[in-house]
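Asks: Provided herewith is a single structure, encoded as structure tokens, for subsequent inquiry.
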Amino acid sequence: MIYRLGMSFISETMRATAPHQILQQEPALQVAAFCHRPGYQGRELLLITSSSGRWILPKGWTEEGIRDGDAAALEAWEEAGVIAKCITDTPIGHYHTKKTLANRASVPCHVQIFDIEVQSLANDFPEAHKRDRRWVPFAQAASEVSLPALSDALARCLPACEI
């Protein structure tokens, strides 16, 4: 079973739960944005830096009352300045990871990946001061990320997204 968690849960968990107890919980649901555009040599995927400097997809928690695809698009806006042209309602892939919280506890996460065609990128967006972003050709996207589960998920998603 996968649980939807909001930031209020995370705050309560950080205060009330010992790290070893968090590791035993069912996975929480997160959403990631597979943001792409046509490039000069084929489709390109947008990668951003994580708080630790690794190249990743924009991702975050689901939100109550917001469809998961729209939540992924919201994360893409906040973390990368993406203005979406088209968003899928169903995930195109998934992977498992652990989210490290501010208190260094880890929450296991099931991350669903949503396809987002990019209309444009804004220069001024909420996390512009915290993130770098870059476009990479589909052919090298899976090798550019350092998280093996994300790399494997990208390798599975990329062929289906070639246009």
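Just so it is clear, none of the values below were taken in a lab; they were calculated from the coordinates. None of these values were measured; they are calculated from a predicted model.
Asks: Give me a comma-separated list of calculated 3J(HN,Hα) values for region 85-96, in order, Karplus coefficients 6.51, -1.76, 1.60 applied at θ = phi - 60°, integers in Hz, x for any Gly or Pro.
Replies: So the Karplus estimates, Gly and Pro as x, are 9, 8, 10, 7, 8, 10, x, 9, x, 7, 7, 10 Hz.
Asks: Sticking with this one: So what's Rg/Rh here for region 20-127, counting alpha carbon atoms and using the Kirkwood radius for Rh?
Replies: 0.99
Asks: Mind listing the long-range amide H neighbours of K98? Cut-off is under 5 Å, sequence gap 5 or more, other chains count too, H placed in the peptide plane at 1.01 Å from N.
Replies: Residues meeting the criterion, in which the H sits 1.01 Å from N, are C109.
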